[in-house]
Amino acid sequence: MQYDAYNTHKIWEYCSNSIKNCNINNLYQNKEFMGTMFCESFVEHELKYLLKNYENNTDYINSITKETLPNLSNGNLIHQFYHITNFYNYVGYKFFNEPITEFGAGYGGLCKVIHKLEFKNRYNIIELPNLKGLQQQYLQDIKNEKNINWYSNHNEFNQENKHYGTFIALWSLSETPQKTRDYYLYESNFDQYFFAYGDEFYDMKNLEYFNRFIEIKSSLIWQKITIPFMSGQYYLMGKKC
């Protein structure tokens with residue numbers, strides 16, 4: 001079977017073309033960025049969960065979620081910290097000791113949060129070329145920045161990496177055309193998977209696709225969680241027995 005290296009949905013082609021011209025200090029002025037990569041709508045719910053999980057240690061939570069970019073609140077980093085805490089509570093700390101591969105990293109918020117949690121392994125980002133520059137600027141202050149590697153498609157990734165460790169795709173794979181989705185469905189073989197997705201994205205039906213992922217990767221233990229405050233949105237997490 002032939003797969004496209006990175007087949008882009010027309011919506012993301014448009015958004016990435018707009019965002020690539022942003023100045024990192026003025027991202028908040030770009031409506032495509034604010035509409036697709038920045039989320040602070042659920043801070044109240046997410047902070048409640050984080051406070052319970054980290055025993056009301058507000059100093060620790062603030063240290064992980066402090067945003068350094070001007071004119072942006074901490075809301076999106078709280079959002080990312082909420083995501084990775086849910087995943088950690090399912091798979092345990094083991095995934096911090098192995099490479100992480102993130103498919104579609106936004107502007108780099110999740111990557112920054114994970115590194116603030118003292119992640120020191122190889123971090124791979126498979127991303128649209130239009131967004132690489134923005135991510136590199138945003139992540140340049142990470143101490144072990146040299147451990148972050150960018151790839152424009154899975155063919156490039158495969159030349160340097162094996163499919164092990166954790167694969168993360170928070171809404172990104174669910175917003176990617178079928179030929180690219182099929183590659184990860186049939187050809188990927190990671191130890192852990194962490195997905196977030198909605199019921200559908202334009203013409204793509206996501207429930208059927210991710211149910212099929214569970215069937216194809218039946219050697220893993222899967223857990224699907226409805227995100228309680230986000231209508232029709234889910235986490236799907238897989239780990240080895």
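The values are calculated or read from the model by the stated rules, or taken from the named source; none is laboratory data. Small disclaimer: the values here were computed from a predicted structure and weren't measured. We place every Cβ from the backbone using ideal geometry, glycine too, and count neighbours over all the protein chains shown. Heavy atoms of the whole protein, side chains included, go into the accessibility calculation; ligands, DNA and RNA do not. Shrake-Rupley method; radii C 1.70, N 1.55, O 1.52, S 1.80 Å.
So is F38 open to solvent by less than 50 Å² (accessible area, probe 1.4 Å) and at pLDDT below 95 or not? It would help to see each step written out before you state the result.
Details: open to solvent by less than 50 Å² (accessible area, probe 1.4 Å): yes; at pLDDT below 95: yes.
Here the answer is yes, as F38 does meet what is asked.
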Inset, instruction - Could you tell me which numbered condition Y184 fails, if it satisfies all but one of (1) open to solvent by 30 Å² or more (accessible area, probe 1.4 Å); (2) touching a residue at least 40 places away in the same chain (Cβ under 8 Å); (3) within 15 Å of I126 (Cα to Cα); (4) not small (G, A, S)? - result: (1)
Legend entry - Condition check for L77: in a helix (DSSP H, G or I), touching a Gly at 6+ places or on another chain (Cβ under 6 Å) and open to solvent by less than 30 Å² (accessible area, probe 1.4 Å): yes
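Taking the condition of being aliphatic (A, V, I, L, M) and free of Cβ contacts under 8 Å to residues at least 24 places away in the same chain, how many residues in segment 63-99 meet it?
Quick first cut of segment 63-99, residues aliphatic (A, V, I, L, M) only: 64, 69, 72, 77-78, 84, 91.
This time we only want the ones that are free of Cβ contacts under 8 Å to residues at least 24 places away in the same chain, so: none.
Result for segment 63-99: 0.
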Inset, instruction - Identify the single condition in (1) closer than 14 Å to E102 by Cα; (2) more than 18 Å from the chain's Cα centre (by Cα); (3) not acidic (D, E) that N147 does not satisfy, given that it satisfies every other one. - result: (2)
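Restricting to segment 106-140, and then to whatever is part of a loop (DSSP other than H, G, I, E, B) and touching a residue at least 60 places away in the same chain (Cβ under 8 Å), can you tell me which residue is farthest from the chain's Cα centre (by Cα)?
Residue satisfying both the conditions and the ranking: L128.
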Inset, instruction - Output the residues belonging to segment 84-143 that are polar (S, T, N, Q), open to solvent by less than 20 Å² (accessible area, probe 1.4 Å) and modelled with pLDDT under 95. - result: Q135
Inset, instruction - Test S219 against the criterion of being under 21 Å from L128 (Cβ atoms), of a type outside the set (F, W, Y) and either open to solvent by 30 Å² or more (accessible area, probe 1.4 Å) or free of Cβ contacts under 8 Å to residues at least 40 places away in the same chain (or both), and give yes or no. - result: no
Legend entry - Looking only at segment 15-24, and only at residues there that are open to solvent by 30 Å² or more (accessible area, probe 1.4 Å) and in contact (Cβ under 8 Å) with a residue 60 or more places away in the chain, the one that is farthest from D141 (Cα to Cα): N17
Legend entry - Number of the condition not met by L27 [criteria: (1) open to solvent by 40 Å² or more (accessible area, probe 1.4 Å); (2) of a type outside the set (G, A, S); (3) touching a helix residue (DSSP H, G or I) at 6+ places or on another chain (Cβ under 7 Å); (4) assigned to a helix (DSSP H, G or I)]: (1)
